[in-house]
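Since the structure comes first, as structure tokens, the remarks are kept for the end.
The values are calculated or read from the model by the stated rules, or taken from the named source; none is laboratory data. Small disclaimer: the values here were computed from a predicted structure and weren't measured. Every residue, glycine as well, gets a Cβ built from its backbone with ideal geometry; the counts of neighbours run over all protein chains shown. For the accessible areas, the whole protein counts, side chains as well, though only heavy atoms, and no ligand, DNA or RNA atoms are used. Shrake-Rupley method; radii C 1.70, N 1.55, O 1.52, S 1.80 Å.
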Amino acid sequence: MAIIHEIIAPKSNADEVMLVSELYFSNNDYVRKGDELLDLETSKTTIALDTQIEGYVEYKIKEKDSISVGEVVICIHDEKFEEEVIVKNLEDI
């Protein structure tokens, strides 16, 4: 499994921080060139990010997250990947 492409949050206006308003796929879904992957909201507009490569999507963010310009928001993998599972010790809860 390899990351074949990373998508970063673009700069579109004076805003340095954007809100993730919608994700269109789930992790490990297969995406094709041109598929719209997510929407970002700035103070003046909504930006749709799409992919220029086919592969399996891994979101590095969640809906309603605030993200910075230049932050990696999506990785595209060449094959399905194992999602990191966080297990908490019940004694710590």
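Summary table below
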read-out: Which numbered condition Ile7 fails, given (1) in contact with a Pro (Cβ under 9 Å, 6 or more places away or on another chain); (2) open to solvent by less than 40 Å² (accessible area, probe 1.4 Å); value: (1)
read-out: Met1, sole failed condition from (1) open to solvent by 60 Å² or more (accessible area, probe 1.4 Å); (2) at pLDDT 95 or above; (3) hydrophobic (A, V, I, L, M, F, W, C); value: (2)
read-out: Among the residues listed as Glu91, Glu82, the single one being modelled with pLDDT under 95, surrounded by fewer than 12 Cβ atoms within 10 Å (Cβ to Cβ) and not in a loop (DSSP other than H, G, I, E, B); value: Glu91
read-out: Selection from region 48-79 of residues that are under 13 Å from Val31 (Cβ atoms), surrounded by 12 or more Cβ atoms within 10 Å (Cβ to Cβ) and not acidic (Asp, Glu); value: Leu49, Thr51, Ile53, Gly55, Tyr56, Val57, Tyr59, Ile74, Cys75, Ile76, His77
read-out: Lone unmet requirement of (1) over 10 Å from the mean Cα position of the chain (by Cα); (2) within 15 Å of Ile8 (Cβ to Cβ); (3) at pLDDT 95 or above for Ile76; value: (1)
